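Chemist: One structure, pasted below without further comment.
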Amino acid sequence: MRRFFILTALFLVSGITLWAQNANTRFTDLPEDFRKERFPQLVEECKDVLAQAYMAQKKLATVWDIPGWEGYPVELYEYHTGVDIKKNVQKRGLVYLLMPSPEKLATWIATTCWEVKQSVDTSYINCIRDFIKWQSAAQFAVSGVVYEDMYTKGFYEPYVFKDGVTVYVADPKMVPEDKHCTDVQLEYYLHLTNDQLKSYTGRYARICSTNRDQYYAAGGTVDVGDNNENRSQKWLGVVRDLYQQAWHSDCNFLMIAWAKTSPYMIK
């Protein structure tokens, strides 16, 4: 009951953000034959997407009272990378994740297709499913470090996340020069506040790499800067609010915003 009241209060406070965008498709609005025949298969496919979540290795706790995420079942994970080619060791990470169930992810994918194309054609479904699998494996990082060997295979570089977006730590002592985070730094990243960050953030929001231009194009109204030099920290609050709204909805506006401008979906 306490969680219900917390969530109600949060939605009242965050109402400034966001369902002016009118993403209102419900699962029951989708074609009946899709719901009965294709959707169960999509759920199985989403299990495979989530199985690629390399950070979801060792669950340490479920935490319901992270500031800004009160009432949400955020899970703390410890994970290790592969052997790093420069340090010759596995790197340890700590991260808070809020990942959808296979059913929730499948629902978001299907309603995104319906919102954008008024279709649940297999080509659209597969496009979104595969993009999420490649981009994030549906790992929404609430806070912590995300190690990726994005540019050099086997060289795992740390990216600090907050509210589903890459952020930049202001204190230089908390930035590892050798790209190998200490235990102290890992704990620090879990509890970051906005005033401990630089004023700009990364461009992309998980779980579908949505950027600010796509947010505006889909009807977003909060001034979050742009994708270039003015990458305002306000993007964090907008992404947090939208993901929280999606958590209690059949639609995920961040996914819809990406799909509306994706070259893979425009055909």
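Chemist: Estimate the FRET efficiency between residue 126 and residue 54 by the formula 1/(1 + (r/R0)^6), using the beta-carbon distance for r and 25 Å for R0, to the nearest 0.05.
Modeler: Efficiency for this residue pair is about 0.70.
Chemist: Also: Taking the number of other C-beta atoms within 10 Å as the exposure measure, put 125, 109 in order starting with the fewest.
Modeler: Ordered by Cβ neighbours within 10 Å, fewest first: 125, 109.
Chemist: Oh, and also: Mind giving me the FRET efficiency for residue 171 and residue 83? R0 is 30 Å, r the Cβ-Cβ distance, nearest 0.05 is fine.
Modeler: E between residue 171 and residue 83, to the nearest 0.05, is 0.55.
Chemist: Moving on. Please list, ordered by chain and number, the residues whose modelled amide H lies under 5 Å from the amide H of residue 166; skip anything fewer than 5 residues away on the same chain.
Modeler: Amide H neighbours of residue 166: 202, 204.
Chemist: Stretched out fully, how many nm does the piece from residue 247 to residue 152 gain, at 0.36 nm a residue minus the Cα gap?
Modeler: Extra length from residue 247 to residue 152 when fully extended: 30.8 nm.
Chemist: Around residue 143, which amide H atoms from residues at least 5 apart in sequence, or from another chain, sit under 5 Å from its own amide H, with H modelled in the peptide plane?
Modeler: The list, which skips near neighbours in sequence, is 96, 163.
Chemist: Residue 227 label point, 7 Å along Cα→Cβ, cut-off 18 Å on backbone N: hits in region 120-151?
Modeler: Of the residues in region 120-151, 128, 131-132, 135-136 have backbone N under 18 Å from the label point off residue 227.
Chemist: Related question: Apply the Debye scattering formula to the chain, with a single equal point scatterer on each alpha-carbon and no solvent, then give log10 I(q)/I(0) at q = 0.13, 0.14 Å⁻¹.
Modeler: The computed values of log10 I(q)/I(0) come out as -0.87, -1.01.
Chemist: Separation between the residue 216 and residue 41 pseudo-spin-labels, each 7 Å from Cα along Cα→Cβ, expressed in nm?
Modeler: In this crude spin-label approximation the distance works out to 4.0 nm.
Chemist: In debye, nearest 20: dipole of the chain around its Cα centre with unit charges on the Cβ of K, R (+) and D, E (-)?
Modeler: 120 debye
Chemist: Sticking with this one: Angle between the Cα long axis of helix 39-51 and the longest principal axis of the chain, 0 to 90 degrees, nearest 10?
Modeler: Tilt of helix 39-51: around 10 degrees.
Bear in mind these aren't lab numbers, they're just calculated from the coordinates by the rules spelled out. Note that the coordinates shown come from a computational prediction; the quantities given were computed from them, not determined experimentally. Cβ sites come from the backbone with ideal geometry, for glycine too, and all protein chains shown count toward neighbours.
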